[in-house]
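None of the figures in this text is laboratory data; all of them are computed from the coordinates on show. Owing to the predicted nature of the structure, the values given are computational and were not obtained by experimental measurement. Virtual Cβ from ideal backbone geometry, glycine too; neighbours counted across all protein chains shown.
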Amino acid sequence: MAASPSWKDIPTALLVYDPGGRVVDANDAAVALLGVPHENLIGSYAQDAQWLVLEAPEGPMSVHPVTVSLKTGQSVRGVLARATRPDGADVWIQVDAVPELDPSGEVARVVASVADVSHLFVRSRLTSRSAGDHIVSEVLSELADARLETRSILEAVTKSLSQLRPGTWVAALLNKDPSTSMLVVADATLPDMVEYFERGMAAISRPGELPITGGLTQRVIESGKPVLLPQIAMDELLSMTSPEVAAYVASHPMPGNPHSIDLLMVPMRARGAVVGVLSLGEHRSSNPLTEKDVLWMQAIADRTALAIENAQLYEDAVMRLERLGSLQSLSLALSASPDLRLTLKVILDQVTAQLKVDAADILLLEEPDNMLALAASTGFLATAVPDYRLPVDEGLPGRAVTGRRIETVTALSAFSQFRRRSLFAREGFKSYGAVPLITRGKLLGALEVYHRTHLVPDQEWVSFLDALGSVAAIAIDNAAMQDRLRKAQLGDLPRRAPAPPLSLSRLEIQIMRLIVEGLTNREIAAQVHLSQNTIKFHVRQILQKTGTSNRTDLAHRATKETWL
């Protein structure tokens with residue numbers, strides 16, 4: 001078909017796409033209609049065509065009709081779109097995409113016929129430079145300049161929309177936990193409404209977030225269809241919202257106390273999935289919302305969803321790169337330092353930084369009495385975390401250790417069952433997680449993480465916690481192996497009495513021991529119940545008496561010459 005000379009001469013514009021959505025052939029009518037040279041048209045991709053798809057028999061679409069046909073293997077007909085030619089002129093086209101299947105039932109290619117229907121809509125609100133068309137162009141321009149970050153995109157879009165079309169604009173984006181959504185509100189003419197929404201979110205859930213439990217938002221997300229409610233009474237509208245929202249509005253009247261509202265809600269869709277809802281509420285307007293407004297608002301919602309998806313992919317890629325880098329750093333620290341306490345401290349610093357948690361600690365299993373003892377900690381508000389020892393079967397982390405699996409707790413009621421519930425209350429922890437430390441099939445202890453706000457870990461978060469637990473387990477096992485090797489080597493040598501440090505007091509010997517263990521001045525001060533300045537003075541005295549230049553040199557000589 002594509003090689004036939006008569007095919008090239010058909011007056012209807014025809015394009016042929018391969019299974020990857022790439023144009024492999026186009027006739028002269030397609031070249032003339034789209035205004036793109038034949039050599040540039042061949043090799044271009046459907047998803048890069050920048051067609052603004054506005055209408056289809058199944059409702060508004062967010063992707064190129066050829067892409068839909070390739071994914072479904074079905075014909076897509078009667079799609080109305082706007083294409084911008086290289087010379088800047090807009091042409092309105094109707095597209096039919098028909099797949100051809102190979103013997104195995106897979107799509108071999110898609111043939112798209114494109115008809116110029118601009119003359120049918122010369123006087124239509126769709127093609128004239130209407131308010132909706134102007135809003136789409138302006139918002140897409142703002143979207144192009146927005147920072148590649150999810151909240152920044154939502155804020156840029158809603159702020160621009162509220163300036164172009166007065167009203168209260170609300171963008172609700174599903175979180176990784178789909179029962180909640182990130183909420184961004186803008187209203188250039190009524191700032192009090194933005195504050196009202198922010199107070200409501202803080203009261204119902206937490207700032208910038210709202211649960212998705214029933215109501216119109218869930219209806220739009222589940223159906224994927226717009227909802228238009230012109231001049232709906234507030235009482236009727238509240239009956240359609242979630243119980244939490246209705247209760248809040250009943251006890252906290254909206255600014256201006258409106259009796260009715262124009263409401264339009266459209267789904268935000270990206271690559272066939274609904275990722276959120278874009279809403280416009282107008283209290284008083286001489287230009288009521290109609291079905292025509294669904295078209296341009298849907299176009300903006302879908303472009304916003306695609307931009308957000310790209311931003312999230314970028315954010316996820318950066319996060320994965322940072323986590324891989326942190327694992328490499330930990331591996332280097334593990335191989336470079338034989339000091340277990342220092343290694344565990346580096347691990348805990350990476351845990352809090354990469355997992356975005358407030359505090360973490362490592363418990364080691366003491367085999368004789370089967371107890372978990374604190375080995376290292378970071379992020380606690382208390383100046384000194386008590387050196388607690390827990391039975392291995394004690395609640396959490398007992399379940400993680402004995403079950404050899406990751407455990408997470410976010411329910412406040414569960415903390416009351418903890419042996420350390422006073423610690424949790426004092427520190428204000430609201431989320432907890434634990435991963436067992438296992439290497440070569442042997443259980444060594446547990447890595448615990450704590451957070452002072454509600455935490456919703458996804459699978460990648462849990463996997464990275466598991467990876468950090470594996471690194472910690474290897475560090476502990478290597479340290480134990482080196483200790484056994486050192487003791488074995490010392491056992492083969494003639495025993496000699498350790499040379500005592502020169503004229504060191506009992507307190508200085510105690511401080512030197514803590515320095516060798518890797519403690520900071522602040523941690524040493526908490527251990528011996530002295531001020532940091534006093535500790536600094538004693539450290540200088542110890543360095544002077546031992547003839548060492550710094551703490552590292554002191555730790556090295558104290559270990560080598562068996563001063564302790």
Contour minus end-to-end for Gln231 and His454, with contour as 0.36 nm per residue of separation and end-to-end as the Cα-Cα distance? 76.4 nm
Cross-link candidates for Lys159: which lysines have Cα within less than 26 Å, leaving aside residues fewer than 8 places away along the same chain? Lys176, Lys225, Lys292
Tell me the Rg and the Dmax, in Å, that the Cα atoms of segment 300-379 produce. 18.6, 66
Gyration tensor verdict on segment 5-121 (Cα atoms; rounded if a/c is under 1.5, prolate if a/b is larger than b/c, oblate otherwise): oblate
Tell me, how many Å apart are the Cα centres for segment 131-195 and for segment 532-564? 60 Å
Rank these for me by crowding, Thr158, Thr67, Thr562, Thr150, going from fewest to most other beta carbons within 10 Å. Thr562, Thr150, Thr67, Thr158
Ordered by packing density, taken as the mean number of other Cβ atoms within 10 Å over each peptide's residues, highest first, how do 348-354, 10-16 rank? 348-354, 10-16
Provide the per-residue ³J(HN,Hα) series for segment 324-331, in order, calculated from phi with Karplus coefficients 6.51, -1.76, 1.60 and θ = phi - 60°, each as a whole number of Hz, with x at glycine and proline positions. 5, x, 5, 5, 5, 4, 5, 4
Whole-Hz Karplus couplings 3J(HN,Hα) for segment 305-319, θ = phi - 60° and coefficients 6.51, -1.76, 1.60, Gly and Pro as x, run 4, 5, 4, 5, 4, 5, 5, 5, 5, 5, 4, 5, 5, 4, 4
Give the long-range amide H neighbours of Val79: residues separated by 5 or more places, or on another chain, with amide H under 5 Å away, using H modelled in the peptide plane at 1.01 Å from N. Val95
Quote to one decimal, in nm, the extra length available between Thr72 and Ala250 on full extension: 0.36 nm per residue of separation minus the C-alpha distance between them. 59.5 nm
Measuring from centroid to centroid over Cα atoms, what is the spacing of segment 242-281 and segment 80-123 in Å? 35 Å
Expressed to one decimal in nm², the mean projection of the alpha carbon convex hull of segment 131-314 is 9.5 nm²
Expected vector for segment 82-94, Karplus 3J(HN,Hα) from phi with 6.51, -1.76, 1.60 and θ = phi - 60°, integer Hz, x for Gly and Pro, equals 10, 10, 9, 6, x, 7, x, 6, 8, 10, 9, 10, 10
If you wrap a convex hull around the Cα atoms of segment 506-560, how much volume per residue is inside, in Å³? 67 Å³
Might you report the magnitude of the Cβ-based charge dipole of segment 506-560 about its Cα centre, with Lys and Arg at +1 and Asp and Glu at -1, to the nearest 20 debye? 120 debye
Glu142, Glu460, Glu282 arranged by Cβ crowding within 10 Å, fewest neighbours leading: Glu460, Glu142, Glu282
Contour minus Cα-Cα distance for Gln544 and Ile509 (0.36 nm per residue): 11.2 nm
Neighbour-count ranking for Asp25, Asp87 (other C-beta within 10 angstrom, fewest to most) reads Asp87, Asp25
Using amide H atoms built 1.01 Å from N in the peptide plane, name the residues 5+ places from Ala359, or on other chains, whose amide H lies under 5 Å from its own. Tyr450
